[in-house]
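Shown next, in structure tokens, is the structure this report addresses.
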Amino acid sequence: MALQGSLLDLADDVRLGRLAGQVRRTPLAHGAWVDHRPGWVSGSDAVLEVLLHEVPWVAERRRMYDRVVDVPRLISWYDGEAVLPHPLLADARAALSAYYRPELREPFVTAGMCLYRDGRDSVAWHGDTIGRSATEDTMVAIVSFGSARTLALRPRGGGRSHHFSLGHGDLVVMGGSCQRTWEHAVPKTSGAVGPRVSVQFRPAGVA
């Protein structure tokens, strides 16, 4: 995987920006919403380097109809007891827990990670409805590192879709009923894009 430093992120040190007054919320139908905070992480090239080379990435295979196929991305999972691979991620989880506590009323705990190696890697339409999110409103907070990719959302059953371009150090949070009433995907792209790592923070019992 070829890693090219970001031309837009020239900070010398790794740090988080403010959330208060900087997060833009997009209300969706059926009680769902999406928050977007571009450039939340400064100096994110250093975090991406660690994620690419020090995370224990796993390649999965899944049955699709009558055959077993490679999952088009690599994954890794950190439960609430695990030490995250970069201290900035622990700071980000704590900052998100503090900022969203009035709505979420519990902390973010786990950290799932996906590595999209190039434009051929993707994730199909789905909602994170394993566990409590199948019946309860909750949140999934995603911090993106590396090449910009599109996060697409559409209502279950049809309707107007939304697209967010998530760049290096961007934050997006899907909340309310989003996991039950909407689907999201990271589509493939034919463009020349480098690697991107998605770090997903979730409360306990949400997968």
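Points worth noting:
- Cα point-scatterer Debye curve for the stretch 27-122, base-10 log of I(q)/I(0) at q = 0.10, 0.18, 0.25 Å⁻¹: -0.39, -1.08, -1.32
- Share of pairwise Cα separations in the stretch 24-202, more than 30 Å, in percent: 14
- For the peptides 188-197, 115-124, 77-86, 13-22, residues were scored by their other Cβ atoms within 10 Å and the scores averaged per peptide; the highest-first order is 115-124, 188-197, 77-86, 13-22.
- Estimated from helical segments only, the mean residue ellipticity of the chain at 222 nm is -5000 deg cm²/dmol, where each DSSP H run of four or more residues counts as -39500 (n - 2.57).
- Here the stretch 109-207 is treated with +1 on each Lys and Arg Cβ and -1 on each Asp and Glu Cβ, and its dipole about the Cα centre works out to around 200 debye.
- Diffusion coefficient, µm² s⁻¹, Stokes-Einstein with Kirkwood Rh over alpha-carbon pairs of the stretch 98-197 at 37 °C and 0.692 mPa s: 226
- What separates the Cα centres of the stretch 124-167 and the stretch 40-54 is a distance of 22 Å.
- Calculated FRET efficiency, residue 70 to residue 192, Cβ-Cβ distance, R0 = 25 Å: about 0.70 to the nearest 0.05.
- Charge dipole (Cα centre; +1 on Lys/Arg Cβ, -1 on Asp/Glu Cβ; no other charges) of the chain amounts to roughly 780 debye.
- Of the residues 27, 108, 44, the one whose Cα sits farthest towards the positive end of the charge dipole of the chain is 27 (charges of +1 on Lys and Arg Cβ, -1 on Asp and Glu Cβ, taken about the Cα centre).
- Order of 183, 106 - criterion: other Cβ atoms within 10 Å of each residue's Cβ, fewest first: 106, 183
- Inter-probe distance in nm under a simple model that places probes 7 Å from Cα toward Cβ, at residue 132 and residue 29: 2.8
- Figure legend: label point modelled 7 angstrom from the Cα of residue 105 along Cα→Cβ; residues of the stretch 125-168 with amide N under 13 Å from it are 136-138.
- Contour minus Cα-Cα distance for residue 82 and residue 61 (0.36 nm per residue): 5.1 nm
Readers should treat all values here as calculations from the given coordinates under stated rules, not as data from a laboratory. Predicted model, so just to flag it, every value in this text is computed and none were measured. Neighbour counts are summed over all protein chains in view; Cβ atoms, including those assigned to glycine, are modelled from backbone coordinates with ideal geometry.
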